[in-house]
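**Student:** Starting off with a structure, shown below.
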Amino acid sequence: MTRFFFQSALLPGGWARNVAVRVENGTIITVEPDAKAATGDFAGFLGLPGLASLHSHTFQRGMAGLGEVRGQGEDSFWSWRQVMYRFLGVLGPDEVEAIAAQAFMEMLEGGFTAVGEFHYLHHAPDGTPYDDVGELSGRIAAAADQTGIGLTLLPVLYQQGGFGGAAPNQGQKRFLNSLDQYGSLFESAARAAQRLPDANIGIAPHSLRAVSPQALTEIVAGHSRGPIHIHIAEQVREVEDCIAWSGRRPVEWLGDHVALDRRWCLIHATHMTPHEGRLVARSGAVAGLCPLTEANLGDGIFDAPTMLKNGGAFGVGTDSNVQITAPGELRQLEYSQRLALKARNIFPRDAGTSTGEALYRGALSGGARALGRKIGGIEPGQRADFVVLGREACDAPIHDPAAMLDYYVFVADKLLIADVYVAGALRVRQGHHIAREAIAARYRRVLQRLKDS
Ligand SMILES: [Zn+2]
């Protein structure tokens, strides 16, 4: 039994003072406001439930910053994708594991305690499957284990180069699996997840362009439990190609062909008509938003007003990991809406409500639903994931807890993070991961090797 004590904490019912939290085997047993601190408590200034990054491709952390040079003609998602394909041509298992560990460590330091790793890099650089088809999934799990982040492994089915069964290109050969191969991959990934103290698994048909309708039906029918994640409607060209192929827009098509519900997480869902927005909001599916990546790639802006009006669920993901920060994702989410709508404080429903808190609570519950985990609340039965604000090194002159959460999201960013716990275990102390030195040194060696190759 471990006891935590927070001077303030964000509980499901609101802010509370002097909160004692008892934890056993990584799970919260009791939560007691207006308690007294005791010797031996893990004490902190302001306790938040840990947030999930519901969508990540960790290997892309290694190419962060490499897609920022202007090319010939107009640069877009599609030209960025060419840079990404060249980068992953040189990644082997050791590199994948080292980069994943660095990314997971930075997520913990950036205020995330759980991650959905949407993993589509499966084979050797020439496209040959490793002896264990789930080799790289195992490497992702090993990296999660080294860092202590709560992992939801989402092995990806990627079958084809584009809508209507288009042939894959050279850059995609490391992703490709038949349905049969996917069965073996999923089993291997599930074994890797089971070896961790606390991880789960879901399925991830990559997108409507990379998976056939028949395979989508079969993979969903074959997995009756766990999260289902899919990329959808990220790019205008993707929407146009989908209409040319099927006569339907992507979200519309998906709604017609699968039973959308709370197991589904629709990644990006950027380009939707109000009708599609209502369809997603009312289905219980989570809109998996990746605001920093969507801004970096020039994807477009999600229709938040329709989602909020219809009680839709959303969460945030670090996706390309170009910059890893929980408050930064929430801030970009709100700022994109402000720019699009020429208005402020979009996410709170009621006057007098903090925008930081509305964003944070929304992303907590959407993230937990999308990953199928008991996380996202400081209450009995939930995993003891805490982000403790109030770092000694930060000179924020704020003592009111609600104002401090706004300060975290809009001003100080991760500088305000003191300690981070996952399942009751300390992973970040005073802003630094407890294994930072070794993980960062290995990452630097690997990137140097890649640069020299
Ligand atoms: Zn993605």
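Derivation of every value follows stated rules applied to the coordinates shown; laboratory data play no part. Worth saying up front: this structure is predicted, and the values here are computed from it rather than measured. Virtual Cβ from ideal backbone geometry, glycine too; neighbours counted across all protein chains shown.
**Student:** So how many Å³ per residue does the convex hull of the Cα atoms of the range 386-426 work out to?
**Tutor:** Normalising the Cα hull of the range 386-426 by residue number yields 71 Å³.
**Student:** Would you work out which of Leu297, Met307, Ile267 lies farthest towards the positive end of the dipole of the range 254-383? Charges go on Cβ: Lys and Arg +1, Asp and Glu -1.
**Tutor:** Met307
**Student:** Still on this structure, I have one more. Would you mind ranking Cys242, Cys265 by Cβ crowding within 10 Å, fewest neighbours first? Present the calculation step by step, with values, prior to reporting the outcome.
**Tutor:** Values: Cys242 24, Cys265 32.
Ascending Cβ contact count within 10 Å gives the list Cys242, Cys265.
**Student:** How many percent of Cα pairs in the range 318-453 exceed 17 Å?
**Tutor:** 69
**Student:** Right, here's the next one. Take the Cα pairs of the range 51-371, get the Kirkwood Rh, then feed it into Stokes-Einstein at 37 °C and 0.692 mPa s and tell me D in µm²/s.
**Tutor:** The Stokes-Einstein estimate is 168 µm²/s.
**Student:** Let me ask you something else. For the chain, what does the helix formula give at 222 nm: sum of -39500 (n - 2.57) over DSSP H segments with n ≥ 4, over the residue count, nearest 500 deg cm²/dmol?
**Tutor:** -11500 deg cm²/dmol
**Student:** At q = 0.17, 0.18, 0.23 Å⁻¹, what base-10 log of I(q)/I(0) does the Debye formula yield for the range 124-199 when every alpha carbon is treated as an equal point scatterer in vacuo?
**Tutor:** -0.68, -0.75, -1.02
**Student:** Also: Need the C-alpha centroid separation for the range 185-199 versus the range 145-179, integer Å.
**Tutor:** 17
**Student:** In whole Hz, what ³J(HN,Hα) sequence does the range 159-174 give by Karplus (6.51, -1.76, 1.60; θ = phi - 60°), x for Gly and Pro?
**Tutor:** 10, 8, x, x, 3, x, x, 4, 5, x, 9, 3, x, 9, 5, 6
**Student:** On to the next question. Per-residue HN-Hα couplings for the range 89-103, Karplus 6.51 cos²θ - 1.76 cosθ + 1.60 at θ = phi - 60°, whole Hz, x for Gly and Pro?
**Tutor:** Here the 3J(HN,Hα) series is x, 10, 8, x, x, 5, 5, 4, 5, 5, 5, 4, 4, 4, 5 Hz.
**Student:** Show me, for the range 437-453, the HN-Hα J-couplings you get by feeding each phi into the Karplus relation (A = 6.51, B = -1.76, C = 1.60, θ = phi - 60°), rounded to Hz, glycine and proline as x.
**Tutor:** 4, 5, 5, 5, 5, 5, 4, 5, 4, 5, 5, 5, 4, 5, 5, 6, 7
**Student:** Cβ neighbours within 10 Å, averaged per peptide: list 6-15, 378-387, 38-47, 98-107 in order, most packed at the top. Could you put the intermediate results ahead of the total?
**Tutor:** On the way: 6-15: 18.9, 378-387: 21.3, 38-47: 16.3, 98-107: 27.8.
Most protected by this proxy first, the peptides run 98-107, 378-387, 6-15, 38-47.
**Student:** Calculate the dipole size of the range 51-371 relative to its Cα centre from +1 charges on Lys and Arg beta carbons and -1 charges on Asp and Glu beta carbons; express the result in debye to the nearest 20.
**Tutor:** Taking the Cα centre of the range 51-371 as origin, the dipole is about 860 debye.
**Student:** How much length would be gained if the chain were fully extended between Asp94 and Ala259, taking 0.36 nm per residue of separation minus their Cα-Cα distance, in nm to one decimal?
**Tutor:** Computed gain between Asp94 and Ala259 is 55.5 nm.
**Student:** Continuing with this model, one more query. Can you figure out the FRET efficiency of Lys309 with Val236, using R₀ = 22 Å and their beta-carbon distance, to the nearest 0.05?
**Tutor:** It comes to 0.40.
**Student:** Still on this structure, please answer the following. What net charge is computed for the residues neighbouring Arg278, neighbours being all others with C-beta under 11 Å from the C-beta of Arg278, Lys and Arg scored +1, Asp and Glu -1?
**Tutor:** Details: positive: Arg282, Lys309; negative: Glu276, Asp303.
Once positives and negatives cancel, what remains is 0.
**Student:** Right, something else. Quick one: net charge around Asp452, please, counting Lys, Arg +1 and Asp, Glu -1 for every other residue with C-beta under 13 Å from its C-beta. Could the numbers behind the result be given before it?
**Tutor:** Working: positive: Arg444, Arg445, Arg449, Lys451; negative: Glu95.
Here the count lands on +3.
**Student:** Next question, about the same structure. Based on the mean of other Cβ atoms within 10 Å per residue, sort peptides 76-82, 422-428, 133-139 so the most packed one is first.
**Tutor:** The most tightly packed comes first, giving 133-139, 422-428, 76-82.
**Student:** With a 10 Å Cβ neighbour count serving as the proxy for reagent exposure, in which order, fewest first, do Asp395, Asp406 appear?
**Tutor:** Ascending number of Cβ neighbours within 10 Å: Asp395, Asp406.
**Student:** Relative to the Cα centre, what is the charge dipole magnitude of the range 171-305, using +1 at the beta carbon of each Lys and Arg, -1 at the beta carbon of each Asp and Glu, and rounding to the nearest 20 debye?
**Tutor:** 320
**Student:** While we're on this one: So if I take the centroid of the Cα atoms in the range 368-447 and the same for the range 228-257, what is the distance between those two points in Å?
**Tutor:** Cα centres, the range 368-447 to the range 228-257: 36 Å.
**Student:** What residue among Leu136, Trp80, Ser8 has its Cα farthest toward the positive end of the dipole of the chain, where the charges are +1 on Lys, Arg and -1 on Asp, Glu, each on the Cβ?
**Tutor:** Ser8
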